Amino acid sequence: MRHNEVVRRLLDFVLGAALLSGCGPAESTPADPGQPDGWDSELSLNEAEDLNADPDVVEIDLTAKEADVQIREKAYTTVWTYNGGIPGPLVRAKVGDRVVVHFHNELPDPTTVHWHGVRLTADMDGAPDMPHPPVKKGETFTYDFVVPDAGLYWYHPHVDSAAQVGAGLYGALLVEDPNEPKDLGDELTMVLSDIGIEESGQLQSPDVGGELGSVFGREGDSVLVNGRVRPEMVARAGRRQRWRLVNAARSRYFWLDLEGTPFVRIGGDGGLMSSPVTADRLLLVPGERADVLVVPVDTPGETRTLRWIAYDRGYGTAFERPPVDLLSIEASDLPAEDAGEIGSVGRDIEVINTVGATPVEIALTMDQSGETTTLGINGVPFGQAPPIAAAVGETQVWTVKNEMAWAHPFHLHGFFFQLLDANGAALAPLEWKDTANVPVEGQMTFAVRYDPRPGMWMFHCHILDHAELGMMGMVNVEK
Ligand SMILES: [Cu+2]
């Protein structure tokens with residue numbers, strides 16, 4: 001019997017009816033329920049089972065395989081999965097842990113696993129043939145790396161990536177920092193994605209729409225939160241929630257709206273920012289992450305809907321596209337809470353010193369002079385351009401120009417960067433990025449410092465159809 005229970009029974013005995021009539025000391029109240037039971041059950045993610053007893057090692061089995069998954073009502077679709085579900089299992093680790101992933105490929109095609117955003121060694125990055133060849137059907141490869149930074153990361157294939165991600169291969173990797181404040185809110189990890197499914201219930205062909213589909217960037221017609229179409233949650237009004245969001249779609253930008261409820265963004269790709277930013281809408285380009293606090297407030301039974309809003313990422317991408325409901329939040333009948341003020345959330349981030357930095361200028365380009373359209377870097381598709389030279393310890397300032405009528409989410413593997421403004425100053429508040437939007441016929445500038453992890457690293461557009469058309473390059477970081 002717990003101590004509280006003993007005390008309560010003793011009081012019952014001594015005070016008798018006084019307690020029941022309410023004249024004596026108050027009867028012990030049940031523990032604060034926080035959120036109602038099962039409030040987030042439709043958003044639950046399978047978690048990868050840690051097979052290693054060492055508290056500083058997370059060791060998991062990850063199998064890529066086909067599975068029949070119900071996405072549309074009354075229809076099962078054969079999709080590509082990690083461990084049988086969309087998304088793949090949530091991998092949970094803490095800062096500094098070693099992560100060991102025994103990866104098995106049971107798919108018909110070769111594949112790799114790229115650990116998007118993690119500052120690991122180049123040989124564990126999952127870029128094909130750099131140096132490990134893709135994992136063929138029936139083969140196994142063990143990824144073994146340390147997670148040095150808190151934040152939400154994700155994993156996905158880096159072979160035929162538009163088709164493989166489009167078929168369902170992605171999952172989240174959450175690296176927690178035990179020293180971060182624990183009372184920021186009830187935490188939810190949300191993997192945002194989409195998938196194209198035919199009327200018949202079959203997965204859409206990865207080539208649907210032909211070359212124009214690739215240039216536009218294919219967006220699946222079913223928009224998913226943790227693999228589900230429009231899940232629902234029942235949440236206590238006024239109680240703060242902390243959402244860890246990742247855009248795992250192959251092409252779709254997510255511009256999020258919660259009917260006037262503001263998003264307090266406290267972190268991004270590489271953990272907490274220097275200070276929060278509050279906004280009514282939140283943009284996540286493919287590959288990007290956000291760490292946000294939200295406080296839904298409604299009277300019991302009322303529902304607030306998280307919506308996808310068409311973001312104009314270039315020609316034809318926003319025209320006459322209505323909002324899409326992503327998630328509904330019903331206010332429970334628990335008494336509303338006063339979320340109060342959040343304390344100071346943030347951390348010190350050192351500004352990268354760009355004095356004497358090496359300038360690197362690249363352009364994201366399209367070439368329609370041949371029989372087929374190719375995309376590229378500086379007019380040259382992937383594989384035909386020499387890598388950009390860099391050295392351990394070097395600082396570079398990149399200017400990424402976009403010559404196309406579509407925006408591109410630029411992603412650099414293995415290293416974080418800091419965005420710079422037009423005058424070359426770091427954007428405030430400070431944050432570590434690995435993916436950032438390059439607007440239509442505009443540019444994006446960032447500073448990067450190469451810590452001692454030499455090797456060949458990729459950079460590319462994270463509209464994966466664009467990457468497959470050639471918009472990828474490499475940085476060779478030498479010792
Ligand atoms: Cu692109």
Exercise. For LEU212, which of the numbered conditions (1) at pLDDT below 95; (2) assigned to a loop (DSSP other than H, G, I, E, B) fails to hold?
Worked result: (2)
Exercise. In region 407-441, which residues are over 18 Å from PHE459 (Cβ atoms), within 16 Å of the ligand (Cβ to nearest atom) and not acidic (Asp, Glu)?
Worked result: VAL440
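Only one of these is within 18 Å of ARG453 (Cβ to Cβ) and in the same structural domain as GLU441 (by TED's automatic domain parsing): VAL392, VAL380, VAL397. Name it.
Details: VAL380 fails: within 18 Å of ARG453 (Cβ to Cβ); VAL397 fails: within 18 Å of ARG453 (Cβ to Cβ).
Going through VAL392, VAL380, VAL397 in turn, just one is within 18 Å of ARG453 (Cβ to Cβ) and in the same structural domain as GLU441 (by TED's automatic domain parsing): VAL392.
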For this session: Might you let me know whether region 311-319 holds any residue that is assigned by TED's automatic domain parsing to the domain that holds PRO231, modelled with pLDDT of 95 or more and either among the hydroxyl-bearing types (Ser, Thr, Tyr) or farther than 23 Å from ASP269 by Cβ (or both)?
Result: yes
Exercise. In region 102-122, is there at least one residue being of a type outside the set (Asp, Glu), under 16 Å from LEU51 (Cα atoms) and open to solvent by 10 Å² or more (accessible area, probe 1.4 Å)?
Worked result: yes
Problem set entry | Residue that is modelled with the lowest pLDDT [pool: residues in region 63-93 that are of a type outside the set (S, T, N, Q) and on the phi > 0 side of the Ramachandran plot] | LYS74
For this session: Starting from residues that are aliphatic (A, V, I, L, M) and closer than 19 Å to THR399 by Cβ, keep the ones in region 459-476 and report whichever is nearest to the ligand (Cβ to nearest atom).
Result: MET471
For this session: Name, by its number, the condition in (1) open to solvent by 10 Å² or more (accessible area, probe 1.4 Å); (2) more than 19 Å from ALA467 (Cα to Cα); (3) outside any strand (DSSP E or B) that does not hold for ALA237.
Result: (1)
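When residues of region 200-229 are filtered for being in contact with a Ser or Thr (Cβ under 7 Å, 6 or more places away or on another chain) and either open to solvent by 50 Å² or more (accessible area, probe 1.4 Å) or of a type outside the set (Val, Ile, Thr) (or both), how many remain? Steps first, answer last, please.
Restricting attention to region 200-229, the residues satisfying the condition of being in contact with a Ser or Thr (Cβ under 7 Å, 6 or more places away or on another chain) are 201-203, 211, 215, 217-219, 224, 229.
Narrowing the set further to residues that are either open to solvent by 50 Å² or more (accessible area, probe 1.4 Å) or of a type outside the set (Val, Ile, Thr) (or both) leaves 201-203, 211, 217-219, 224, 229.
Residues flagged as in contact with a Ser or Thr (Cβ under 7 Å, 6 or more places away or on another chain) and either open to solvent by 50 Å² or more (accessible area, probe 1.4 Å) or of a type outside the set (Val, Ile, Thr) (or both) within region 200-229 amount to 9.
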For this session: Could you check, for region 127-150, whether at least one of its residues is open to solvent by less than 10 Å² (accessible area, probe 1.4 Å) and in contact with a Gly (Cβ under 6 Å, 6 or more places away or on another chain)?
Result: no
Exercise. So SER369 clears everything in (1) farther than 30 Å from ILE71 by Cβ; (2) touching an Asp or Glu at 6+ places or on another chain (Cβ under 7 Å); (3) small (Gly, Ala, Ser) except one condition, right? Which one?
Worked result: (2)
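Got a sec? Which of ARG250, ARG240 is within 16 Å of the ligand (Cβ to nearest atom), in contact (Cβ under 8 Å) with a residue 60 or more places away in the chain and not assigned by TED's automatic domain parsing to the domain that holds GLN368? Talk me through it step by step, then tell me what you get.
Values: ARG240 fails: within 16 Å of the ligand (Cβ to nearest atom).
Going through ARG250, ARG240 in turn, just one is within 16 Å of the ligand (Cβ to nearest atom), in contact (Cβ under 8 Å) with a residue 60 or more places away in the chain and not assigned by TED's automatic domain parsing to the domain that holds GLN368: ARG250.
Quick test for you: out of GLY171, GLY217, GLY166, pick the one residue that is away from the ligand (no atom under 16 Å from the Cβ), in contact with a strand residue (DSSP E or B) (Cβ under 8 Å, 6 or more places away or on another chain) and of a type in the set (Gly, Ala, Ser). Steps first, answer last, please.
Working: GLY217 fails: away from the ligand (no atom under 16 Å from the Cβ); GLY166 fails: away from the ligand (no atom under 16 Å from the Cβ).
Step by step, each of GLY171, GLY217, GLY166 is checked, and only GLY171 is away from the ligand (no atom under 16 Å from the Cβ), in contact with a strand residue (DSSP E or B) (Cβ under 8 Å, 6 or more places away or on another chain) and of a type in the set (Gly, Ala, Ser).
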For this session: Would you be able to say whether some residue in region 321-333 is without any contact (Cβ under 8 Å) to a residue 40 or more places away in the chain, of a type in the set (D, E, K, R), more than 16 Å from the ligand (Cβ to nearest atom) and within 23 Å of GLU431 (Cα to Cα)?
Result: no
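Restricting to region 253-278, name every residue that is free of Cβ contacts under 8 Å to residues at least 24 places away in the same chain and closer than 28 Å to ASP221 by Cβ. Break it down into steps so the answer makes sense when it comes.
Of all residues in region 253-278, those free of Cβ contacts under 8 Å to residues at least 24 places away in the same chain come to 260, 278.
Answer for region 253-278, where residues must be free of Cβ contacts under 8 Å to residues at least 24 places away in the same chain and closer than 28 Å to ASP221 by Cβ: just GLY260.
Has region 64-76 got any residue that is among the hydroxyl-bearing types (Ser, Thr, Tyr), in a strand (DSSP E or B), open to solvent by less than 60 Å² (accessible area, probe 1.4 Å) and within 29 Å of SER222 (Cα to Cα)? Give the derivation first.
Taking region 64-76 and keeping what is among the hydroxyl-bearing types (Ser, Thr, Tyr), we get 76.
Imposing the further condition that a residue be in a strand (DSSP E or B) reduces the set to 76.
If we keep only those that are open to solvent by less than 60 Å² (accessible area, probe 1.4 Å) as well, we get none.
Looking for residues that are among the hydroxyl-bearing types (Ser, Thr, Tyr), in a strand (DSSP E or B), open to solvent by less than 60 Å² (accessible area, probe 1.4 Å) and within 29 Å of SER222 (Cα to Cα), one finds none in region 64-76, hence no.
The values are calculated or read from the model by the stated rules, or taken from the named source; none is laboratory data. Bear in mind the structure is a predicted one, so any value in this text is a computation, not a measurement. Reconstructed Cβ throughout: ideal geometry from the backbone, glycine too, with neighbour counts over all protein chains shown. Side chains are part of the model used for accessible areas, which takes the heavy atoms of the whole protein and leaves out ligands, DNA and RNA. Shrake-Rupley method; radii C 1.70, N 1.55, O 1.52, S 1.80 Å.
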